[in-house]
Amino acid sequence: MSDHVKGFRHTAEGLPLTHVVGTSVDKIDGYSLVSGAPVYTDDIAAREFPHRLHGKILGSPIPQGMITSIDTSSAEELPGVHLVLTFKNTPRTFYTTAGQGWPEPSPYDNQMFTERVRFVGDRVAAVFADTVEAAEEALHRIKVTYQEEPAVLDASDAMKPGAPLVHPENPKGAYDPAHNVAAHVDVAVGDVDAALAASEVTIAETFETHYAQHVPMETHTSLAYVDDTGKLTIVSSTQVPWHVRRIVSRILGMPMSKLRVIKPRIGGGFGAKQEILIDDLVAYAALRTGLPCEIELTRKEEFIASRTRHPMKIDMSIGCDTAGHFKALKMYVLSNTGAYGSHSLTVMSNTGSKTLPLYNKANDVRFYGDAVYTNLPVPGAYRGYGATQGYAALETTIDDLAAKLHMDPIELRTMNMIQVGEGSPIFEALGEGRQGVAQTIKSSSLPELLALGAQAIGWQEKRGKRARVGHKVRGVGMSMHMQGSGIPLIDMGAASMKLNEDGTYFLAVGATDIGTGSDTILTQMAAEILGVSADMISTLSSDTDLTPFDVGAYASSTTFVSGGAVVKAAKAIRNQIFSVAAEVLGEELDPMLVMSDPKVEGDNDQPDPILSFYRMDDGYVVSVRSGRRVSVSEIAYRAYYEVGQHQIASTQSFVSPYSPPPFAAHFAEVEVDDLTGKVTVVNYVAAVDCGVSINPNLVRGQVVGAVANGIGFALTEEYHFSARGAMTNPSLFDYKILSRRDMPPVQVIVVDNYEPTGPLGAKSVAEIGINGPIPAIGNAIFDATGVRLHRSPYTPERVLNALREAQK
Amino acid sequence: MRISITVNGAQCALDVDPGDVLLDVLRGADYLEVKGTCHAGDCGACTVLVDGHPVASCLTLAARVDGHSVTTVRGIGDGTHPHPLQKAFVENGAAQCGYCIPGAIVSAKALLDENPEPTEDEVRLAMDANYCRCTGYEQQIEAVLDAAEQLRKEGHR
C-alpha cells in the first residue's frame, strides 16, 4: 500500500494483513477536544470546585543566596488567605522533581522550600487564598530579606576552582557537588585517542545549543482535594501519574493507599510535565486546609520556573580514512543543568547513547561529559532528551567532514550507518544513567528514507548550486537520526482488559495520553487482536486507582512498551474467549494453549499456536477446523450467567530487553539573506521509519509537530538573560514559536517496516522528528554560503555576524 | 456592573467588575470551552467571536461586549452535532492535545463565513494568531480547506 497526498507520503508494503492497525481512525477523544469539552485540569477544577483555593508562588529575585528572614504575618492577615507555605512550615524531605523510574537517577537536590535560593524564580513561598487576586496580593506582603551570594551564570565557569557552589549541602546522588558537577559520564570502547591519532583524516568541532522551552499550550496545572473517605486526590496535567504519586507520597510521608493521581486530558507536555513541580504544593495545601487547592502556572512562570532543554556545549571529534570509513568517534558534553539536577545524568547519557550507535562502523568510541549546576533556570526532560543536542553536534561535524573529504554527505553517512543485523557496543556500554542493554537492529528503512528524502528535496539538482536571486542565496542540507522505543529493561507498562456481555470490551491502561493519541492507538492495537473495530472498545487511562501501572509518557515508550502490554492483555482475553468457544462448540482445546501467558516479550513474530484452532472475526469466534462460529457475546453471557461462571479479563504487563530505534532522514532547503542574515526554510522533508504506523494520520502529526518545534528551536526560540541570570523574555510575544505563516511546507515521508520486537510491528515516533532541524538547516546554510554556524539558534544576528566574519 | 450578552444564542445577564476580561467572565459562567493560557493576547487559545469577529477574550473587557453577541466553539457545534469544521479537524488528525482547538476553530469559522473559498495562504493568515504547539499546523490547514469544500457542497444542495 502506498498513500500519497500533498505533504504526506506513506508506504507500507509487505506487512501482515490488518483491519484496524494501519488505518487513520479518528482520535477517540477527538470530538470532545474539538468542541472544547471541560476535560483539562482547570476545567475540572472550575466546574467541580468553584470554591477552591488558588495557589500562587513567590519566586526569588536573586540568583543565589540565603533567606535571612521571612515574615508572612501580613500576608496571613489578608482576608481570603488560608495558608502561606515557606521552609518553616513544610516537610524538609529531599527529593528530585524528575518523574523517572525507580531507583531515581536524578540527585535529591530539591526540597519543597529551603533557606537557599538558587536562581531568579526559585521557590520562596506559596500562598493559597480564595481568589487569585488575594493570593497575588498576599505574595506582595511577604517580607523576605536575602543575603545575596556570588552566582555562577555560565556553565563553562561552574567547575573552575573557587566557583560559587550551587549545592553546598552535598545532595545525595549528585556526582561532585563540591565542583558543581551534578552528573558525570565516561564510557569508552577501544582507545579513541590512539585511533584518532592513527586516522588519516580527523575533524574536531564544538557546537553549542541553547536554552529553550517546551511551551505546552496548557501551562502546568494541578488540583488536589481530600475526598469523603479521607483520600487525597490529585488531578494533574502530568505525563507521569505514577511517579507523581510515588514522589508526593515520599515528600509528604503518606501511604499510597491514601493518594490517588488522575491525569485528565492535558494540553501538551513534550517533557515539561515529566516533572513534579506543583503537585506537592496543592497536595500539602489540601491536607492542611481541608479545601480543594489548585495552582495554574502563568505563562511567565512556565518559562522561568518550570523546565527547559539542557543547553550543551559539545566537542565532537571524528577520525576516518581517506575514503571516509569512520574509525573513531569522540564526544564530550558540558551540559548546563541549571539550579537543580533534574534529568541531568540521563539526558546527558542520551546525548551519546541515542546518537553514536547510528555510526557503528567506528571501533573506537568514547562518550563522556559533565552536567553542571549553575544559577540559571532548570532544564529537564524535553522531546529528544539530549539526542537533539547530540545530533546538532554530530550531524554538523559529519557534514564538515564530508566537505573535507569532498564527498556527498549522504554517501558518507550511508557507508558508516548501522544496518539490520548489526549492533553497537555503545548500546551495551551506555544506558540511561547506568549500563545499557545490547541491541541488534531488526528493522530499518534508512536506505529508503535517504533515497526518497533526497528525491523529494531535489538533492541532486540543488546541492552545491548556491542559486542566487539578488541578495538571497539557496542551499540544501540533510541529517540522519535514530532514537529509541522506551528504556530497555526499565520501562514497564501494564494493561487490563475485560469482555462485556454484548461482545464489546473495556481497556484500562496506565499509559498517559498527553495529546499524542496514545489512547487511540492502544485501542486500535487491542481491536486488531480481538477482531473488532476500535469503537467496540472503551478505553480508560492514567488513574492510579483505576488503571494498572505505567511509567508514563516519556522516552518514546508508549507505543512500544504500553502497546506491548495492550497486545498481551488482548491476546490473554482472546484466549480465554477461545477456551469458552471450545466448550460451546464441543471441541477439544489444549489447555496449555489458553492458560499460558501470551508470548510477546521478545520477538513477537512467532506463530501464535492457538490461531491454528480459532480466530476472531468481527465479533465471532471461528473454528479453523470445523468452520463453525459462535458470537463473542454468546460466550460472554455463558461465562457470566450460565455455565462455569467466571470473569473474562486479564491484566498483563510488558517490559522489553529491546528498544528498537526509529530512524529518520531530514532534508532542508533554505534561503539565506546576505543583507539581513535571515534564514528562511523554503522546504523541509522529514522521512521516518517508525515500524508499522498504527495510525498514519497521528504519525504524520507527531512528525510535523516535532519538526515545527525543532525549526523554532533552530531559528527563533531562545532564552535571553539579564546580567543576574533572570530570563528577560518570558512571554509568547518575546519568545517566538512558529505560527502558521512561519511554518514552511513540510513533506512527511513514512516508510513502514515490520519491527519484530514491537507490538504489531510498531516502533516509536514522537521524539525523533525534533532532532533534525538544527543540523539539517545548519548544513543547508553551509551549502548556501560556505559558512558554518557552531551555535544555535541561527538568528539573523548570528548568521550575519558569521557571514561578515567569513568575508574578513 | 451588570451586562447583558448573547452567548451562543442564549441571553445571558452577568455581574462583572469593570476590569474583568471576557475570558474570565465566560469561564466563570461555565463556558469552559474557552481556554486561556497566556492572558496577554499572544497565543489565540481563548479566541471567541464577538458579532462574528474573532477576538482574544483575555484582552477584551467584558463590559465592552455588553449588548453584543458572543460565539464560542460550542456555539458552532458539539460532539453530537459537530460543525463541518469540527468534523474535518477530527478526520484530519488536526487535534492533538486539543487545547488550542476551540480558538483555532472559531477563527476558521469567521474566515469561512466571510470567504467560503479561501486559499491555503488565506487560511494561514486568518488563523496566524492561533498558536498550536503540537501539530505543526499542516493537518489543521487541510482540515479548514476540507471543511470549506464541505460547506460549499452543503450550500449548493
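Of the set (1) crowded, with 17+ Cβ neighbours inside 10 Å; (2) assigned to a loop (DSSP other than H, G, I, E, B), all apply to B:G19 but (1).
Against the list (1) more than 14 Å from chain B (Cβ to nearest Cβ); (2) surrounded by 23 or more Cβ atoms within 10 Å (Cβ to Cβ), the condition A:T202 fails is (2). In the set (1) buried (at least 23 other Cβ atoms within 10 Å of the Cβ); (2) free of Cβ contacts under 8 Å to residues at least 40 places away in the same chain, the condition left unmet by A:R741 is number (1). Within the range A:795-805, is there a residue that is more than 10 Å from chain B (Cβ to nearest Cβ), in a loop (DSSP other than H, G, I, E, B), closer than 27 Å to B:G41 by Cα and modelled with pLDDT of 95 or more? Within the range A:795-805, one or more residues are more than 10 Å from chain B (Cβ to nearest Cβ), in a loop (DSSP other than H, G, I, E, B), closer than 27 Å to B:G41 by Cα and modelled with pLDDT of 95 or more.
Kindly check whether there is at least one residue in the range A:342-362 that is assigned to a strand (DSSP E or B) and either at pLDDT 95 or above or crowded, with 24+ Cβ neighbours inside 10 Å (or both). Scanning the range A:342-362 turns up no residue that is assigned to a strand (DSSP E or B) and either at pLDDT 95 or above or crowded, with 24+ Cβ neighbours inside 10 Å (or both). Only one entry of B:A56, B:A10, B:A62 meets the criterion of being farther than 25 Å from B:Q150 by Cα and free of Cβ contacts under 8 Å to residues at least 12 places away in the same chain, and that entry is B:A10. When the range A:64-87 is filtered for residues that are farther than 21 Å from A:G290 by Cβ, in contact with a Ser or Thr (Cβ under 8 Å, 6 or more places away or on another chain) and in a loop (DSSP other than H, G, I, E, B), only A:F87 remains. Annotation: of all residues in the range A:364-413 being among the β-branched types (V, I, T) and assigned to a helix (DSSP H, G or I), the one that is farthest from the chain's Cα centre (by Cα) is A:I410. Only a single item in (1) in contact with a helix residue (DSSP H, G or I) (Cβ under 7 Å, 6 or more places away or on another chain); (2) crowded, with 20+ Cβ neighbours inside 10 Å; (3) outside any strand (DSSP E or B) is not met by A:R466, and it is number (2). Close Cβ contacts (under 6 Å, 6 or more residues apart or on different chains) running from residues in the range A:174-194 that are at pLDDT 95 or above to residues that are in a strand (DSSP E or B) and of a type in the set (K, R) comprise A:A188/A:R366; A:V192/A:K330; A:V192/A:R366.
The residue that is nearest to A:Y146 (Cα to Cα), among those in the range A:72-129 that are over 27 Å from the mean Cα position of the chain (by Cα) and among the basic types (K, R), is A:R116.
Any idea which of A:P50, A:P38 is in contact with a Leu (Cβ under 6 Å, 6 or more places away or on another chain) and within 11 Å of chain B (Cβ to nearest Cβ)? Walk me through it before giving the result.
Values: A:P50 fails: in contact with a Leu (Cβ under 6 Å, 6 or more places away or on another chain).
Within the list A:P50, A:P38, the selection yields A:P38.
For the range A:481-599, the helices (runs of 4 or more DSSP H) that sit wholly inside it and include 2 or more residues that are crowded, with 24+ Cβ neighbours inside 10 Å and not basic (K, R) are A:518-530, A:563-585.
Evaluate the range A:171-182: report whether one residue or more is in a helix (DSSP H, G or I) and surrounded by 18 or more Cβ atoms within 10 Å (Cβ to Cβ). Yes - at least one qualifying residue is present in the range A:171-182. Exactly one condition in (1) more than 9 Å from every other protein chain (Cβ to nearest Cβ); (2) part of a helix (DSSP H, G or I) is false for B:V70; which is it? Against the list (1) more than 9 Å from every other protein chain (Cβ to nearest Cβ); (2) part of a helix (DSSP H, G or I), B:V70 comes up short only on (2).
Contact annotation: residue pairs with Cβ atoms under 6 Å, 6 or more positions apart or on different chains, pairing a residue in the range A:288-313 that is within 14 Å of chain B (Cβ to nearest Cβ) with a partner that is basic (K, R), are A:E294/A:R52. When each of B:V48, B:V34, B:V25 is tested for being under 24 Å from A:P264 (Cβ atoms) and touching a residue at least 60 places away in the same chain (Cβ under 8 Å), the lone residue that passes is B:V34.
The values are calculated or read from the model by the stated rules, or taken from the named source; none is laboratory data. Here the structure is a predicted model, which means the values were calculated and not measured. We place every Cβ from the backbone using ideal geometry, glycine too, and count neighbours over all the protein chains shown.
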